[in-house]
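Okay, structure first, notes after.
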Amino acid sequence: MSLAERVRTAISSALDAMVRAGDLAPGALEASTWVIERPKRAEHGDLATNVAMAVAKRAGQPPRAVAEKLVLALAGSDTVAAAEVAGPGFVNLRLHPCIFQDEIREILRAGTGWGRAPSATGERVDLEFVSANPTGPVTVASGRNAVLGDAVGRLLEARGHRVTREYYINDRGNQVRKFAESVRSVASGAEPPEDGYKGAYVTELAGWLRGVDAALLEGEDVDALGRACVTWMLRGVPGSRTLPGIRPSLSDLRVNFDVWFSEESLYRWGAVPAVMRQLERGGHLLKKDGALFFQAPEGSVEDKDRVVQKSDGTWAYFASDVAYFADKISRGYDRLITVLGADHHGYVARVRNALSAMGLPPDRFEALLYQLVFITKGGEAVKSSKRAGNFVTIDEVMDEIDDASGRKGAGADALRFFFLSRSANSNVEFDIEVAKKKSLDNPVFYVQYGYARLCSIQRKARTLGFVAPAGERVAAADLEGLVHADELAIAHKLADFPDVVAEAAKSREPHRIVFYVQELARDFQSYFTRLKGASDPILPPDSVRSTPGWETSWDLAKTRARLAWIEAIRLTYAQALELVGITGPDRMDRPAEEPEEPAIDA
């Protein structure tokens, strides 16, 4: 039973006792809805409830009168240590330390499953994200799409959903032809077309293709050349830093896909004409001015006719989209989620209209829209433009941060942290120079440093011979020494973690996890500093251990309880970082602004 459930049970038992004692009318509790929540100020208690105000009207009593009787009924509770009336009838609650100690035991028993629901207990979800045109390397803007989509996938999996990550490859159409023509022009020594693609990566791709398939460059089949260009953009040119490949770049960002779906395949196997016939039979296609239009079902939010086939017989992008979503539905998914830039609001309505026209539930589709990314270096804006060729790629940023930190993966950590530290509805400003710092004013460094400190304490404890209770071995008596107010407050925060994960998954908001782990890091660092200053450290210092027989005077039970608590924090910390795809290094350099003991690598 979770902490919240135990408190609710305790309050419900007290209310029932009030009814039996005649302090509350029997019908007062019928259809009542009341909440338990954190008070705005910690000094007001661990939790607060509005139950007295919720039942007062049916009880025929003032809310404060009901609250005062509830406080009396809670006396002697095994869960609530103290209760007091506040304001118009709120009841502030303080819980027994054993309640928080039990939460630590539950975390240690759950291990890496802490905060997670049983797998395969939710929906089958198709999660499509990135899906950028394969006509250039992965830009930092597309990187935000990638990180957001991947983090949402991790959250959904943590809540028991079965998630398929999918990349829709736009490997046909006008843009791919322009890209192929640009590569061919550069390969022949000419400039790319005015509306084509430019940049060093186009030149390098042209040189690579000349070496592996010169005939394709010199031939007339632009579509075949376009498919070859897309293949190498996805795969990458071996040894090239300019063209590392979309797949390897995303993999370095810790983003991997289960399905790479080709738009061209929808035409190769006749999926587009088949879907159009279905829409025609339903009366949703209209021919006018030589073109074919999709008509949204009556009553749709957006009822504008959308072209699916142009007057020259070529299919429009929307025709591909309709066929693609029909294919997703046919694969048996319960929910379709697509991550899109904020300028795609109209796209959402169009897809839902198409699904409705095909007799499919439109609410099975949802779009996650995200805002812009602004890249700076030392406060100076870095401009980006894919077509001009002076864009900033995720590989450039990750390499620069990796080199500055001396650790492979530091760049991926930084990008993921900064992209997920804001709601998708907010713009993100990413300063590369800040992300490179090994200091506590770099937020990702601060969070990772906190995790490394936990690991350092555990390493040092092992060298001193301490073995913290863990897993099924933890008994109630093992944690009785855990009574410090800060320790119990952090235990309370750990108990909140499953609810934080559930809410973040439900709302598709991974920034909630980043906020949570930042607060956890701050709270533990604050506790650690205060405890050291109060001469009550977690582990016996050298000054104590230098005295023979120090074990007889040192509170060994409290140390073991604290080490079990440390492991519960580390487990929760690790799970939170995993959910947003950020690593938790167990060793890190000490920042210059924290020169004192204990060393993080002790």
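The values are calculated or read from the model by the stated rules, or taken from the named source; none is laboratory data. Just so we're clear, the structure is a prediction, and the values are computed from it rather than from any experiment. So basically every Cβ, Gly included, is an ideal-geometry build from the backbone, and we count neighbours across all protein chains shown. Each accessible area value is taken on the protein alone, full model and side chains, heavy atoms only, with ligands, DNA and RNA left out. Shrake-Rupley method; radii C 1.70, N 1.55, O 1.52, S 1.80 Å.
If packing is taken as the average number of other Cβ atoms within 10 Å across a peptide's residues, how do 321-328, 138-145 rank, most packed first? Intermediate values should be presented prior to the final figure.
Numbers: 321-328: 22.1, 138-145: 24.6.
The most tightly packed comes first, giving 138-145, 321-328.
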Subject >> Cα extents of the stretch 394-469 along the three principal axes, largest first (Å) >> reply: 48, 29, 19
Subject >> Cα-only Debye scattering, the chain: base-10 log of I(q)/I(0) at q = 0.08, 0.09 Å⁻¹ >> reply: -0.74, -0.88
Subject >> Relative counts (whole %) of C-alpha pair distances in the stretch 326-420, using bins that are 5 Å wide >> reply: 2, 10, 15, 16, 13, 10, 11, 11, 7, 3, 1, 0
Original post:
Near Lys287, which aspartates and glutamates are there with a Cα under 15 Å away, not counting those fewer than 8 places off in the same chain?
Top reply: Asp305, Asp312
**OP:** For Ala81, enumerate residues with amide H under 5 Å from its amide H, sequence gap 5+ or separate chain, H modeled in the peptide plane.
**Re:** Arg94, Leu95, His96
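Hey, what's the Kirkwood Rh for the stretch 411-510 if you take every pair of different alpha carbons, in angstrom?
Numbers: mean 1/r = 0.0586 Å⁻¹.
Result for the stretch 411-510 stands at 17.1 Å.
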**OP:** Pop the C-beta distance of Thr376 and Asn256 into the FRET formula with R0 = 35 Å and round what comes out to the nearest 0.05.
**Re:** 0.75
Subject >> Set of the stretch 516-533 residues, backbone N closer than 13 Å to the point 7 Å along the Cα-Cβ line of Ala42 >> reply: 519-531
Original post:
Summing -39500 (n - 2.57) over the DSSP H runs of n ≥ 4 in the chain and dividing by its residue number, what mean residue ellipticity at 222 nm do you reach, to the nearest 500 deg cm²/dmol?
Top reply: -15500 deg cm²/dmol
Original post:
Per residue, how much accessible area does the stretch 81-203 have with a 1.4 Å probe, in Å²?
Top reply: 34 Å²
Subject >> Accessible area of Arg522 in the full protein assembly, 1.4 Å probe (Å², nearest 10) >> reply: 130 Å²
Subject >> Under 25 Å from the Cα of Lys69 - lysines, other chains or at least 8 residues apart >> reply: Lys40, Lys57
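Using only the Cα atoms, work out Rg/Rh for the stretch 108-251, with Rh taken as the Kirkwood radius, to two decimals. Can you show the working numbers first?
Working: Rg = 19.6 Å, Rh = 17.1 Å.
Expressed as Rg/Rh, it is 1.14.
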Subject >> Straight-distance crosslink candidates among lysines, where the alpha carbon sits under 30 Å from Lys437 and sequence neighbours closer than 8 are dropped >> reply: Lys377, Lys383, Lys386, Lys408, Lys460, Lys493, Lys532
Original post:
What shape does the stretch 490-538 take by its C-alpha gyration tensor, where a ≥ b ≥ c are the square roots of the eigenvalues and a/c under 1.5 counts as rounded, a/b above b/c as prolate, and the rest as oblate?
Top reply: prolate
Original post:
In Å², what does the accessible area per residue of the stretch 397-459 work out to with a 1.4 Å probe?
Top reply: 32 Å²
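Using a 1.4 Å probe on the protein heavy atoms, what percent of the accessible area of the stretch 201-299 belongs to carbon and sulfur?
Numbers: 2460 of 5060 Å².
Taking all protein chains in place, the stretch 201-299 shows 49 percent carbon and sulfur surface.
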Original post:
If you find the alpha carbon centre of the stretch 418-462 and of the stretch 522-580, how far apart are they in angstrom?
Top reply: 22 Å
Original post:
Roughly how tilted is helix 3-20, in degrees to the nearest 10 and between 0 and 90, from the longest Cα axis of the chain?
Top reply: 50 degrees
Subject >> Solvent exposure, largest accessible area first (probe 1.4 Å, DNA, RNA and ligands not counted), of Phe257, Phe90, Phe179 >> reply: Phe90, Phe257, Phe179
Original post:
Expressed as cubic angstrom per residue, what is the convex hull volume of the alpha carbon set of the stretch 234-383?
Top reply: 184 Å³
Original post:
What part of the accessible area of the stretch 305-456, given as a whole %, is carbon or sulfur when the probe is 1.4 angstrom?
Top reply: 48 percent
**OP:** About the Cα centre of the chain, how large is the charge dipole given +1 on each Lys and Arg Cβ and -1 on each Asp and Glu Cβ? Please answer in debye to the nearest 20.
**Re:** 660 debye
**OP:** State the percentage of accessible surface on the stretch 84-126 attributable to carbon and sulfur atoms; use a 1.4 Å probe and exclude ligands, DNA and RNA.
**Re:** 52 percent
Subject >> Heavy-atom accessible area per residue - the stretch 462-576, 1.4 Å, Å² >> reply: 45 Å²
Original post:
Using modelled backbone amide H atoms (1.01 Å from N, in-plane), which distant-in-sequence or interchain residues come within less than 5 Å of Arg159's amide H?
Top reply: Ala117
